[in-house]
Amino acid sequence: MAPRVIPVDPFDLVIFGGTGDLAQRKILPALYRRFCGGHFPEEVRIIGAARADISTEDYRRLVAEGIKATLNEHGPGTAGIPEFLRRVTYVSLDAREDRGWEPLAAQLAEVEPRPIRVFYFSVGPGLFGPLAERLHRHGLSDEDSRIVVEKPFGHDLQSAKALNATLAAHFTENQIYRIDHYLGKETVQNLMAIRFGNMLFEPLWNSQYVDHIQITVAETVGVAGREEYYDRAGAMRDMMQNHLMQLLCLIAMEPPAKFDPDAVRDEKVKVIRALDPVEPYHIVRGQYNAAAGGEGPDLTYRETVGNPRSSTESYIALKTHISNWRWAGTPFYLRTGKRLVARSSVINVLFKDAPHSIFGEEAGRHANHLKIRLQPNEGITLSVTIKEPGPGGMRLVDVPLDMSFATALGADGKNPPDAYERLITDMIRGNQTLFMRGDEVTAAWAWTDPIIAGWQARGDVPKPYDMGSTGPGDADLLMRRDGREWRGINP
C-alpha cells in the first residue's frame, strides 16, 4: 500500500534556534525524510538561524550528524544527505538585536517571485515577541508568511492571553501554527477516521452506550534534561493541559460539517468549554520516589530536580465530565505520569453491559471494550463476547479482535512517518487542521487554572509512588470508588 506523494509548492523555511536540540533531533530530520520521500521541489531553501557564530559549512556538518543519529533501518538512509544539505544555509543573528537580520533579508531576497515563507520559532516563548517584531521591521514577512510556535503556549490563562496578543500584534490567526506534536501522530489522526469513517461506531458513541472512557499517557522516562522547566510546570501543565486535552477533544467532539481546519477546531473548542470543573476528591497527584522493592542508582524526582521540598507532580489522574447532550453522565478518566512501568499511550472506550442477559447468571456479565493504542504497537483492539468452546452449557468469554497497524498495513504500518513530518508539510501547504487555535489554547487554560489554584490553596502534596510502578495507589481508589478499574499500562 504505497502512499500517494503530493509535492508541496516551493518554500523558504527559516528555523530560529536552528542549532538547538529540537531543530537537530526533530525538525531537520523530518525535513530530510520528506525530501527523500519526494515531497519537496527543487527550489526549497532551509535557513538555520541562531546566535552561534559558525559558518554554513559548519552548520551543514551539524545537520548531517543530527540526521544520521535519528535514522533507523526503515528510514531513507544517508545517500540523500549531500543533496539535502545543498539546500541548507546558516545565518548568525540575535533575536533581541538587529545583528544578522540584514544578511538573512539578503538571502531571502535572492529568489523572485517570492516563495512561501515559513518562520519556525524553535526557541523559548520569551523570544516570540522580539522575533515577530523584527520580521516585520525588516520586511521579511507578508500576508502569505507563516510562523510556527512550539508549546508551552503560556504557563497559565493570563500568560497564554498575553502570548496570543503578542503574536496577534504582527500576524493574523490564519498565519499562526501552534504545534502540539501529538496531533501529528498517525494513530491520533486515526481517531477521526475511526469515529467518522465507520458507521459501526458513531451511533454508539454517546452516553447511552458508553459506560466510561479512559485516556492514559504513561512514560518510563523521568525529567532529566528538563529539570528547571518541569519543576515549574508539572504533569498538569506539561501533559494534561495540552496532549491529553487534545486526545479528549478528538474522542469526544461532535462530527464537524466537513474536514476543514476551522470546522474541526470549532468542535474541539466546544468540548473544552463543556468540561465540568474537577472536584478535589477526583484528582490524584503523585511524585516518583525510590524504585520498587529496593535500592538502585536511579534518582528520585526531588533528587533529579535538585529541590528536596518540591511539591510538583510527576503524575496526575483525574475524573471529569462533559456537560452536553452526547456525554452527560459519562465519566472521563485521564492519567499521565513519568517513570512508570511501561511506555504506553492508549484510549479505552468501555461500553455498557447488555441491558438483559438471556444466558443466566452463570454466564457472567460481559461488555464490549474498544482499545485504541497510540504507542507503541499502534493499532485497535475490539473485545467481543463469544461462547467458550466445548460442551456443558453456554459459557461466555471475551476475546479480542486485534488489528495492528504494522500487520495490517505492511511496511507503512511498521514505519509510520514522524509527527513532525506531517505537521511540517501541512504548515507549508497552509492546512491548520492539526494545529491549535488561539481560543482553543485559552479555553484549555481556563479549565486548567482553577484545578491548579485549588490544590495550591489547599496545600496538597503529591503522593509518592515507586519508579517502575503504575502510579500512586490513590489513583486506583479513584476508580474503585466508582466500581471501575484502570486498564493496565502496558504495550
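The values are calculated or read from the model by the stated rules, or taken from the named source; none is laboratory data. Keep in mind that this is a model prediction, so the values were computed, not measured. In this analysis, Cβ positions are derived from the backbone assuming ideal geometry, glycine residues included, and neighbour counts consider all displayed protein chains. Heads up: the accessible areas ignore ligands, DNA and RNA and are worked out on the full protein's heavy atoms, side chains in. Shrake-Rupley method; radii C 1.70, N 1.55, O 1.52, S 1.80 Å.
Tabulated data
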| item | result |
| --- | --- |
| Unmet requirement for residue 283, which otherwise passes all of (1) open to solvent by less than 10 Å² (accessible area, probe 1.4 Å); (2) at pLDDT 95 or above | (1) |
| Single residue of 110, 57 found to be loosely packed, with under 13 Cβ neighbours inside 10 Å, closer than 30 Å to residue 137 by Cα and modelled with pLDDT under 90 | 110 |
| Options 237, 265; residue that is surrounded by 20 or more Cβ atoms within 10 Å (Cβ to Cβ), closer than 22 Å to residue 451 by Cβ and touching a residue at least 12 places away in the same chain (Cβ under 8 Å) | 237 |
| When residues of region 60-107 are limited to those that are of a type in the set (Gly, Ala, Ser) and touching a residue at least 60 places away in the same chain (Cβ under 8 Å), the one least open to solvent (accessible area, probe 1.4 Å) | 95 |
| Test: residue in region 39-50 that is out of contact with any strand residue (DSSP E or B) (no Cβ under 9 Å at 6 or more places or on another chain) and either within 24 Å of residue 146 (Cβ to Cβ) or at pLDDT below 90 (or both) | yes |
| Which numbered condition residue 332 misses (of (1) at pLDDT 95 or above; (2) over 18 Å from residue 214 (Cα atoms)) | (2) |
| Scope region 445-488; condition of a type outside the set (Phe, Trp, Tyr), assigned to a helix (DSSP H, G or I), within 19 Å of residue 240 (Cα to Cα) and in contact (Cβ under 8 Å) with a residue 60 or more places away in the chain; matching residues | 446, 448, 449, 450, 451, 452, 454, 474, 475, 478, 479 |
| Among residues of region 295-310, those that are out of contact with any strand residue (DSSP E or B) (no Cβ under 8 Å at 6 or more places or on another chain) and either without any contact (Cβ under 8 Å) to a residue 60 or more places away in the chain or closer than 17 Å to residue 448 by Cβ (or both), counted | 5 |
| Residue in region 212-233 that is touching a helix residue (DSSP H, G or I) at 6+ places or on another chain (Cβ under 7 Å), without any contact (Cβ under 8 Å) to a residue 40 or more places away in the chain and not polar (S, T, N, Q) present | no |
| Count - residues of region 240-262 that are in a helix (DSSP H, G or I), hydrophobic (A, V, I, L, M, F, W, C) and open to solvent by 20 Å² or more (accessible area, probe 1.4 Å) | 0 |
| Residues located in region 24-54, provided they are more than 22 Å from residue 419 (Cβ to Cβ) and either open to solvent by less than 10 Å² (accessible area, probe 1.4 Å) or of a type outside the set (Val, Ile, Thr) (or both) | 41, 42, 43, 45, 47, 49, 50, 51, 52, 53 |
| Residues of region 429-475 that turn out to be of a type in the set (Ser, Thr, Tyr), in contact with a Phe, Trp or Tyr (Cβ under 8 Å, 6 or more places away or on another chain) and under 25 Å from residue 309 (Cβ atoms), as a count | 1 |
| Strands (runs of 3 or more DSSP E) lying entirely in region 127-233 (those with 1 or more residues that are touching a Ser or Thr at 6+ places or on another chain (Cβ under 6 Å), within 30 Å of residue 451 (Cβ to Cβ) and open to solvent by less than 50 Å² (accessible area, probe 1.4 Å)) | 210-218 |
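Conditions (1) modelled with pLDDT under 95; (2) more than 20 Å from the chain's Cα centre (by Cα), marked per residue:
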| position | (1), (2) |
| --- | --- |
| 443 | no, no |
| 451 | no, yes |
| 468 | yes, yes |
| 483 | yes, yes |
